[in-house]
Amino acid sequence: MSIKVKDLVHIYGEGTPYETLALDRVSLEIADGEFIGLIGHTGSGKSTLVQHLNGLLKPKSGQIFIGDAEISAKGVKLTEIRRKIGLLFQYPEYQLFEETVYKDIAFGPANLGLSKEETDERVRESMAVVGLDFETFAQRSPFDLSGGQKRKAVIAGVISMRPELLILDEPTAGLDPRSQAEVLAMLEGIKRERRVTVILISHNMGDVARMADRVVVLDKGRVALSGSPAEVFAHEEFLRAIGLGLPPVTEFMRRLRLGGVEIEGSPLSADEAEALLDRYLRAAGDCKKGEGAR
């Protein structure tokens, strides 16, 4: 599902002493099947932007196209469009409410009017996608699950609707390292195996660098940068100036250079860093051999 946002403006508390310009003429295009990392400091407009994409918020002005439908137009019915969009807020486990994991995941498909057989198929499929064993978890209370398992159950409920656009707002927030890794592995599987457009909001620059096809940076309600992870994270000084950091591996290599290690490149992953360090050490070893030969 493609997305086009044109000159989007949103104002909170308009006409009051607390009036705040949250989005300032934001324009953005996302291709069908693209994985977008959306980053920015707190208050930059990230959550406000994504809440416009399924009509939870109405713009002051501007246009929003989801596929071929202009959802910002007056009188447009959002029901069908919302069925194609899966939106997970921060700490989505608070959305759990049914007595069993099965019923919670089945709630969405059942409300689409699907048969019991079709609903059951979707529940089993989505549980497999997120890594929750059906026999183990289907009849358990969602409130008895661990934090990571709850997060997976909620994501399974969204996937069971088979959305064409998946929006994830800090999907690993509050989880322990193991659960974070499991949720990210699951998202990488969705990215690899399903043609779904994904928008990931995260403050973890390492996750964004590893998973996103393109990174969009918001600052003060505007699109400040947009490009591949390598292109965006090359703007080190600018990112620091607006309160953002670098992926941990990139930051590590930067500190090595500041410490006098003459190594080139700004890797985004551990594998890239390992390759650069290996070349550097090999070159340093060759230099020492040459000096010894003289």
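In straight-distance terms, cross-link reach from Lys60 covers every one of the lysines whose alpha-carbon lies under 22 Å from its own, apart from those fewer than eight places away in the same chain; here that gives Lys4, Lys6, Lys46, Lys74, Lys77, Lys220.
Evaluate E = 1/(1 + (r/R0)^6) for Ala185 and Ala73, where r is the Cβ-Cβ distance and R0 equals 45 Å; express this FRET efficiency to the nearest 0.05.
Details: r = 39 Å, r/R0 = 0.88.
Given R0 = 45 Å and the Cβ-Cβ separation, E is 0.70.
Residues of the chain were split at every exposed loop site, defined as chymotrypsin sites (Phe, Trp or Tyr not before Pro) in a DSSP loop with at most 10 other C-beta atoms within 10 angstrom, and the longest piece left, sites excluded, is 98-294. Remark: the Cα gyration tensor places the chain in the oblate category, a/c being 1.5 or greater and a/b not exceeding b/c. With the helix formula -39500 (n - 2.57) applied to DSSP H stretches of n ≥ 4, the chain reaches a computed 222 nm mean residue ellipticity of -12500 deg cm²/dmol.
Applying 1/(1 + (r/R0)^6) with R0 = 41 Å to the Cβ-Cβ distance of Thr100 and Glu80, what FRET efficiency is obtained, to the nearest 0.05? Don't skip to the end; give the middle numbers.
Working: r = 29 Å, r/R0 = 0.71.
The pair Thr100/Glu80 has a calculated efficiency of 0.90.
Using modelled backbone amide H atoms (1.01 Å from N, in-plane), which distant-in-sequence or interchain residues come within less than 5 Å of Lys60's amide H? When sequence neighbours closer than 5 places are left aside, the close amide H contacts are Val9, His10, Ile11. Of all aspartates and glutamates in the structure, those lying under 16 Å Cα to Cα from Lys116, and not within fewer than 8 positions of it along the same chain, are Asp104, Glu125. Can you compute the label reach from Ser226? Point 7 Å from Cα along the Cβ direction, backbone N cut-off under 19 Å, restricted to the stretch 1-28. Output list for this probe position: 1-10, 22-28.
Computed 3J(HN,Hα) for the stretch 220-225, one whole-Hz value per residue from the Karplus formula 6.51 cos²θ - 1.76 cosθ + 1.60 where θ = phi - 60°, is 6, x, 10, 6, 8, 8, glycine and proline marked x.
Applying 1/(1 + (r/R0)^6) with R0 = 45 Å to the Cβ-Cβ distance of Ala31 and Arg124 gives a FRET efficiency near 0.90. Under the shape rule built on the C-alpha gyration tensor, where the axes satisfy a ≥ b ≥ c, the stretch 116-209 is oblate, since a/c reaches at least 1.5 while a/b does not exceed b/c.
When the chain is described by a simple charge dipole with +1 on each Lys and Arg Cβ and -1 on each Asp and Glu Cβ, the residue from Pro142, Leu88, Met186 located farthest towards its positive end is Leu88.
FYI, it's all coordinate maths here, none of it is from the lab. What you are looking at is a predicted structure, and each value in this text was computed from that prediction instead of being measured. Using ideal geometry, Cβ is built from the backbone for each residue, glycine included, and neighbour counts are taken over all protein chains shown.
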